[in-house]
Amino acid sequence: MSATADHAEERTNPAARLGFQPGQVVQELGYDDDTEQDLRAAIEELTGTELVDEDYDDVADAVVLWFREDDGDLTDALVDATTMIDAGAPIWLLTPKTGRDGYVEASEIGEAASTAGLAQTSSVNAGKDWAGSRLVTPKAARSGKR
């Protein structure tokens, strides 16, 4: 595929924009009937595998965590999500956009991510009603230096 074709796919496939790759196992947490179905389908199409749920008992390549204001403690949810992946693998935290039911303040996301030992590396539009924050363990923590 040419670089131009790669860029075209990133514009048309939201999963490519989030950096998912063919063959990856993506664990999905917090699924409900309000989640962005087009994004879920795009991830499965791009990776060639179905999303796995919280019962998956192996290490995933990435986590997609749908989280709403009333879903409980965000820090706890992020800490739980880090146990499902290797250090350095991304957690995509997907929260309702500003003004939508379940909206989570950016300051709350930043504080919870920091407390959970994660760094926010980017933010994206993840669909009509959802925003995404890419969270990873910081490089210093991944290399064993603290």
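List of remarks:
- Residue match in region 62-76 (condition: over 17 Å from Leu39 (Cβ atoms), surrounded by 14 or more Cβ atoms within 10 Å (Cβ to Cβ), among the acidic types (Asp, Glu) and at pLDDT 95 or above): yes
- Per the conditions (1) loosely packed, with under 14 Cβ neighbours inside 10 Å; (2) within 14 Å of the chain's Cα centre (by Cα); (3) not hydroxyl-bearing (Ser, Thr, Tyr), the sole criterion not satisfied by Pro22 is (2).
- In region 4-40, the residue that is modelled with the highest pLDDT out of those that are in a helix (DSSP H, G or I) and among the hydroxyl-bearing types (Ser, Thr, Tyr) is Thr12.
Residues are listed down the side, and each one gets a yes or a no for (1) part of a helix (DSSP H, G or I); (2) over 15 Å from the mean Cα position of the chain (by Cα):
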| position | (1), (2) |
| --- | --- |
| Glu44 | yes, no |
| Glu54 | no, no |
| Val64 | no, no |
| Arg100 | no, yes |
| Thr121 | no, no |
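- The lone exception for Met1 - which of (1) surrounded by fewer than 14 Cβ atoms within 10 Å (Cβ to Cβ); (2) touching an Asp or Glu at 6+ places or on another chain (Cβ under 8 Å); (3) at pLDDT 90 or above it fails: (3)
- Among the conditions (1) open to solvent by 30 Å² or more (accessible area, probe 1.4 Å); (2) touching a Leu at 6+ places or on another chain (Cβ under 9 Å); (3) at pLDDT 95 or above, Leu93 misses just one, which is (1).
- Checking each residue in region 66-98 for being assigned to a loop (DSSP other than H, G, I, E, B) and within 14 Å of Asn125 (Cα to Cα) picks out Lys97, Thr98.
The values are calculated or read from the model by the stated rules, or taken from the named source; none is laboratory data. None of the values given here were measured: they were computed from a predicted structure. Neighbour counts run over all protein chains shown; Cβ positions are idealised from the backbone, glycine included. Side chains are part of the model used for accessible areas, which takes the heavy atoms of the whole protein and leaves out ligands, DNA and RNA. Shrake-Rupley method; radii C 1.70, N 1.55, O 1.52, S 1.80 Å.
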